[in-house]
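Everything below concerns the one structure shown next.
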Amino acid sequence: MIKNYKFQLSMAVVVFILSFAVCWQIKGVRSHKSEPEISARINVLQSELKNEIDKNSNLTAENETLKAQIENYRNRSALAEDTSKLIQTDLKAAELFAGLTDVVGPGIIVEIKDSAGVRSGTVNGFTMDANFGIVHDDQLLMFLNELRASGAEALSLNDERIIATSEIRCAGPTVSVNNTKKGAPFVIRAIGDPDTLESALRISGGAIDQVGLYGIEVTVKRADALNIGKYTGASMFKYAADASKGGAAE
Amino acid sequence: MILIIAVLMGIFAGIIVPYNLGSEQVIYVAIGIVAALDSVFGGVHAHLNKNFNIYIFISGFFVNALLAMLLTYIGNMLGVSLSLAAVVVFGVRIFNNSAKIRHIILKKYMQKKNNRSDEGVSQTGSAEQ
C-alpha cells in the first residue's frame, strides 16, 4: 500500500518532528504539573493567614489586659511607695524627736566653768567651801530646763545627747550623763533660735545670774550650723510597752 | 518500517535534548501538535486516494501548526479561547480522515478477499468444464 518513497520520506520527517514535539510537550506538562499546586496552596495560605490574623488580634487583646494589670500594679505599688515614704518620714521625724539622729541647726554653745576661785578658796571675795564653786548637777539641770523652755530642740552636754531618759546626776567630782561621767568645764550645745535661747539664759535672775552667785562662769556663743551628735546609748525598754494596740489602759 | 523508526528517533531526541518547555510555551506547542496530527492523517488519506502531493502536505503541516499557534495567541490577547476552535476543527478532521482511511483499507481488504474467492471459484469452474 504505502510504496511511494516521496510519501514515505516526507511522512517520516513529519512524524519525527511530531514525536519530538510530543515528547517535549509531555516533559513540559509534567514539570509544570506542580504549578497548579501553587494556586491550590493559595487557599491554604489564605486560611493560614486568617488564622494568624485571629491569633494576632487575640494576642493584642491579651496584651491590653496585661498592660492594664501592670498599670494597676504600678499604681498600687506607687501607693505603697507613698505609704512607705510616709512611714519613712514619720520614722525620721520620730528619730529626730527621740534624739537618735545627728542634727544640725542654728543655736548656742554654753560653756559653764567652775568658779576660778575654787582653787583659791575665795569666790567673789567670800571664802567659800570648795564645794560651793563647782558646777553641780542641779545647776546643769536648770540650764537645760531654761533652754528647753525657750524652744531648744536638741541638747547635748559634753557631747552626750540629752534625750528623754537621760540623767544628769552628781557622781562625786563628776557628773554622770547617759551613764557616762563628765567633768567640768561643761559645754551645753542647744539647737534652737539663738536669740531666744541666749536671752532666756541672760534674763535678770535667770540661770546665768543664779550660778554667777557662786562664781560659776558662763560663756555663750552663737552658731549658725551647730552639730549635735545622736544618742549612742541603749534604747531597749524593759518595762514600757506600746499601749496603742488595744492594751488595757489604766 | 521507516515510520516506526522515525517515531522512535523522535522520542529519543525529545528525551535527550535538555531544553524544557516554559509554562507559557506549553499551550502553543500543544495546539501545534494537534494541527500536525491533523495534517498527518490528511496526508495518509491523500496517499491512499492517490492524491498525495508532497508540497501540499509539507506546507499544510507547517501552515496549520503556525496558524493554530497564532489563533491561540490572539485568543489569549482577546480573552477568548480561540484555541478551542482550533482543537475542535482539528479533532473533527482527524476523526474524518481516520474514518475515511479505515473505509479505504477495509474496502481494499474486502476486495482482496473477494478476488481470492472469485479466483478460487473460477478455477474450480474451469476445471469442471
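The values are calculated or read from the model by the stated rules, or taken from the named source; none is laboratory data. Please read these numbers as outputs of a predicted model, since none were measured by experiment. Reconstructed Cβ throughout: ideal geometry from the backbone, glycine too, with neighbour counts over all protein chains shown. Each accessible area value is taken on the protein alone, full model and side chains, heavy atoms only, with ligands, DNA and RNA left out. Shrake-Rupley method; radii C 1.70, N 1.55, O 1.52, S 1.80 Å.
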Q: Go through B:76-85, B:2-11 and give me the packing order, highest mean Cβ count within 10 Å leading.
A: B:2-11, B:76-85
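What length, rounded to one decimal in nm, is gained on full extension from A:A149 through to A:S199, with 0.36 nm per residue of separation minus their alpha-carbon distance? Kindly include the intermediate steps, with their values, before the conclusion.
Details: separation 50, 0.36 × 50 = 18.00 nm, distance 1.19 nm.
Length gained between A:A149 and A:S199: 16.8 nm.
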Q. Computed FRET efficiency, Cβ-Cβ of B:S117 and A:Y5, R0 41 Å: what is it to the nearest 0.05?
A. 0.80
Q) With labels modelled as points extended 7 Å from the Cα through the Cβ direction, what inter-label distance (nm, one decimal) is found for A:V29 paired with A:V44? A) 2.4
Q: Quick one: which residues, 5 or more positions from B:N20 or on another chain, have an amide H under 5 Å from its amide H? H modelled 1.01 Å from N in the peptide plane, none for Pro or chain starts.
A: none
(Q) What distance in nm lies between label points placed 7 Å from Cα along the C-beta direction at A:Y239 and A:E52? (A) 8.2
**Q.** Under the Debye formula (equal points on every Cα, no solvent term), log10 I(q)/I(0) of the protein assembly as shown at q = 0.06, 0.12 Å⁻¹
**A.** -0.55, -1.02
Q: Can you pull out the buried accessible area for chains B and A, both sides counted, probe 1.4 Å, rounded to the nearest 100 Å²?
A: 2900
Q) How crowded by other chains is B:43-53, given as the mean number of beta carbons from other chains within 10 Å of each beta carbon? A) 3
Q | Zero-based 5 Å bins, Cα pair distances in region B:1-46, whole percents | A | 5, 17, 14, 28, 21, 11, 4, 1
Q: Calculate the mean, over all residues of peptide B:22-34, of how many other protein chain Cβ atoms lie within 10 angstrom of the residue's Cβ.
A: 3
Q | Coordinate range along principal axes, alpha carbons of chain B, Å, largest first | A | 79, 35, 23
Q) Leaving out ligands, DNA and RNA but keeping every protein chain, what accessible area does B:H47 have, in Å² rounded to the nearest 10, with a 1.4 Å probe? A) 20
Q. Amide H of A:T101: which non-local residues (sequence gap of 5 or more, or other chain) have their own amide H closer than 5 Å, using H built in the peptide plane?
A. A:Y231
(Q) Tell me which DSSP H helices of chain A clear both cut-offs, 30 Å or more of axial length from alpha-carbon atoms and a mean Kyte-Doolittle hydropathy of at least -0.5. (A) A:5-31
Q. Any idea of A:K182's accessible area? Nearest 10 Å², probe 1.4 Å.
A. 40
Q | Amide hydrogen neighbours beyond the local backbone of A:A184, cut-off 5 Å, H modeled | A | none
Q) Among the helices of chain B (complete DSSP H runs), which have Cα atoms covering no less than 27 Å along the helix axis and a Kyte-Doolittle mean of at least 0.0? A) B:23-48, B:54-78
Q | Peptide A:27-33 - average C-beta neighbours from other chains (10 Å radius) | A | 5
(Q) Helix-only mean residue ellipticity at 222 nm, chain A, DSSP H runs n ≥ 4 weighted -39,500 (n - 2.57), per residue, nearest 500. What is it? (A) -17500 deg cm²/dmol
